[in-house]
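Take a look at the structure below.
The values are calculated or read from the model by the stated rules, or taken from the named source; none is laboratory data. It should be emphasised that the depicted structure is a prediction, and the values quoted were computed from it without experimental measurement. As a convention, Cβ positions derive from the backbone with ideal geometry for all residues, glycine included, and neighbour counts pool all protein chains shown.
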Amino acid sequence: MVSMLNEPNTLFSKKAALRRGFFCTLSAGCLLAATGGALAQEGSGTDLEEIVVTADRAIVGTKTNAALIETPQAISVITDQEFRDRTAVDLQDIYRYSAGVSGAPSVDSRGDFVTARGFDAAQYLDGLKRMPDFIYGARLETYTLERAEVLRGPSSVLYGAGGPGGILNGASKMPKFQTGGEVGIVLGTDKRKQIQGDVTGALSDTVAARLVAVGRDGESQWGTPDDRLLINPSLTWEATPDTEVTLIGLYQDDKQGSLGYVPLSKSLLAPNRNERIAFNFYQGEPGFGGMDTQYTSGSLLLTHRFAPSIVFSSRTRYSHMDTDYREVYSDLSDGGYAVYVSPFADAEETLLRREFYVNREKSKVLNTDNNLSVGFTTGPLKHNVLFGVDYTWFDQSKDEGFSCSGWLEAPCFAGGSPPPINIYNPQYGAPFDFGYTNFLEYKSTQLGVYVQDQISYDDRVHVLLGLRRDRATSERNGVRELKQNAWSFRGGIIAELVAGISPYFSYSESFLPVPGGDFAGNSFSPRTARQYEGGAKWEPMRGALLTVAYFDIKESNYVSQDPNNIQNFIQGGSVGSKGVEVEATIRLPGDFDFAAAYSYTDAEVLTSSQTLTAGDRIIDIPKEMASLWGSKTFQVGADWTLRAGAGVRHIGNKIDTSQSFLTPSVTLVDAMVSASYGDWSASVNASNLFDKKYYATCGLSSPPEGYCVAAKDRTILASVTRKF
């Protein structure tokens, strides 16, 4: 793949775009690398599916489409074919074969919860953060993506609000000037019925459009709704040979259920099978609990080339979201804040006490990122200097309600709690009143200015230097909570010492303002982190990459879950993470894909706080993870193509909140098979193929009781697709 900086025709020649059948934009992060054998001769009428997508470059690491082998930090790229093969239903599923990245194995409608190297990873789409940290709702639809990337470690020099674990960046499907598309139906477990379509093509010589749509009717493993209506139109205009403008719209309407909790004593620590609650037990009320979300966004992506080595890129998105979340959960308290008794209302321990939490949110987010890339040489050194400014504005109104039995220290609704439910013979439909008693208004802004220099010597030594200045503010209910300025630095070097082998070392920092506060009224302070990373990358041939990395991260102002209240979070103390990651990928176009990963992460508390004790292991972070995936395409006769793949994933044990016991490790198997004939294809994809029943996480809040959340059971999706 040629450099966009040095080859302007790759980006801006309309004839080249028409000939190749795609038009990649720097601003959109569309980084398709096509091998020479995959490109058709001019006028051959190549179909879209003949274009081979490789993954040897990524925008996420430098915002300049640098090759992975030239970037001194660990980065992974997953193509849409790969995460479809692996039955990735949600964003967190995409990364489960990536080293050091751990997605929540449970189904939680509130959002996707992904960690990298022991810390939260921030979610981005087309280089812009989707929403500040934790906001209920609007999970990303994987069918709208053509690739996904992960940059591990603190990354504030380029992203400002990046988490200490890294950046998860999805690349939206972009309009193409060659007509093509597909329509398909998907049927699967949990009563899933889904229709989806994707069509693109030229409207004129300079305008191309694309429309992606999804309609789904389904259920969660607890029998609660899992419905979605999504419309994702986009339009690209080649205003001049040097200017491209892309507009992306998104409307998403979700109806989903709330999370399922079960008492620890009747799940992981049940004395026998007879006392263990069924994995599909739901403690809530299907007619009450759940989450309705309406999400609307509009994005403007602009790229203009002033000269072959001077490129301006701008990305801006405005989004609005309405969320109505209602949850009935197990009551583990006696009405106080920290005094715990049995969660059962009877001596036989069959009637589970319940409380409710309701949350009505309206959120608005404006993000913009604008940068200028300038390439030049100084003697034997090649420079690519990036100057940028980004800005984020966030506004949220939040109405909350709590039942009084469990929330004496917070304003609560005195209308009563839901009646207990029989854990072995649940009967749903119990009526109860609820109301909103806690009214909050959050506002925050962040303004960042950054500069980065990529320096190359003899195309074998690459140095990366970056510096950033941020200003962040936040307020709650009209009262200023935070006003802080911060510097962030990044530096690294990677050198090809022998053919294909490149050792590297890097240092990076992060700065993450945290809007809001805890239930006690304490506002959150920004989180700061630094990382040392060293390793080597080996590219034995095109399409193959092996990365070995060692990292050392320290984060201050850590945010952790309140051990006495699963809805509350408390800030304080510092934590650290050290470990080793090994990741290998081989992508042979049209033939064979292979991915292997192993990670060891030692994440522990460095300094104590209200919820942390020095030396303790960070909760819900597996020390060891390993995975192996392989798929191969077979030509069967002249017209039929068969593709088969399988993978195995190992997730290590995780410590609970009391540091007294472990949620056990688990090993899972995934598989897929597909057949294609002409424009038709059919596939069956499965995750957790053998339907392993296990718990995603368990926590001992305070003796004598705690809770567990059941992990996702087997998912099987059968689809039929017609391409055109």
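Observations on the model:
- Restricting region 414-462 to residues that are of a type in the set (F, W, Y) and either crowded, with 19+ Cβ neighbours inside 10 Å or touching a Leu at 6+ places or on another chain (Cβ under 9 Å) (or both), the residue that is farthest from K266 (Cα to Cα): Y457
- Scanning region 703-715 turns up no residue that is over 28 Å from L352 (Cα atoms), assigned to a loop (DSSP other than H, G, I, E, B) and more than 24 Å from the chain's Cα centre (by Cα).
- Any hit, region 311-331, residues being part of a loop (DSSP other than H, G, I, E, B) and closer than 24 Å to K398 by Cβ: yes
- In region 386-403, of all residues being among the small types (G, A, S) and at pLDDT below 95, the one that is surrounded by the fewest Cβ atoms within 10 Å (Cβ to Cβ) corresponds to S397.
- Test for L642: is it modelled with pLDDT of 90 or more, aliphatic (A, V, I, L, M), in a strand (DSSP E or B) and loosely packed, with under 15 Cβ neighbours inside 10 Å: yes
- Number of residues in region 101-130 that are more than 21 Å from E509 (Cβ to Cβ), of a type in the set (G, A, S) and at pLDDT 90 or above equals 1.
- Close contacts from region 453-477, counting a first residue that is on the phi > 0 side of the Ramachandran plot and a second that is surrounded by fewer than 16 Cβ atoms within 10 Å (Cβ to Cβ) and assigned to a strand (DSSP E or B), with Cβ to Cβ under 7 Å and a gap of 6+ residues or different chains, come to N477/L440; N477/E441.
- Of all residues in region 676-701, those that are over 30 Å from W640 (Cβ atoms) and among the aromatic types (F, W, Y) total 2.
- Single residue of region 425-483 satisfying the filter (in a loop (DSSP other than H, G, I, E, B) and among the aromatic types (F, W, Y)) that is farthest from L366 (Cα to Cα): Y428
- Between R110, R96, R117, the distinction of being over 19 Å from L689 (Cα atoms), out of contact with any Asp or Glu (no Cβ under 6 Å at 6 or more places or on another chain) and buried (at least 24 other Cβ atoms within 10 Å of the Cβ) belongs to R117 only.
- Segments classed as strands (runs of 3 or more DSSP E), wholly inside region 171-268, with at least 1 members that are within 25 Å of S319 (Cα to Cα): 192-202, 207-217, 226-240, 243-256
- Any hit, region 388-408, residues being closer than 30 Å to N280 by Cβ and of a type in the set (F, W, Y): yes
- Matching option when the condition is farther than 30 Å from E285 by Cα and either among the basic types (K, R) or at pLDDT 95 or above (or both), among L235, L230: L235
- For region 497-548, a residue qualifies if it is of a type in the set (A, V, I, L, M, F, W, C), surrounded by 23 or more Cβ atoms within 10 Å (Cβ to Cβ) and assigned to a strand (DSSP E or B), and the qualifying residues are F511, L512, A529, L545.
- Residue in region 124-145 that is in a loop (DSSP other than H, G, I, E, B), of a type in the set (S, T, N, Q), buried (at least 22 other Cβ atoms within 10 Å of the Cβ) and touching a Lys or Arg at 6+ places or on another chain (Cβ under 9 Å) present: no
- Subset of region 216-249 (residues that are of a type in the set (G, A, S), more than 22 Å from R714 (Cα to Cα) and buried (at least 16 other Cβ atoms within 10 Å of the Cβ)): S234
- Residues located in region 270-284, provided they are surrounded by fewer than 23 Cβ atoms within 10 Å (Cβ to Cβ) and either of a type in the set (F, W, Y) or closer than 27 Å to S417 by Cα (or both): A270, E275, R276, I277, A278, F279, N280, F281
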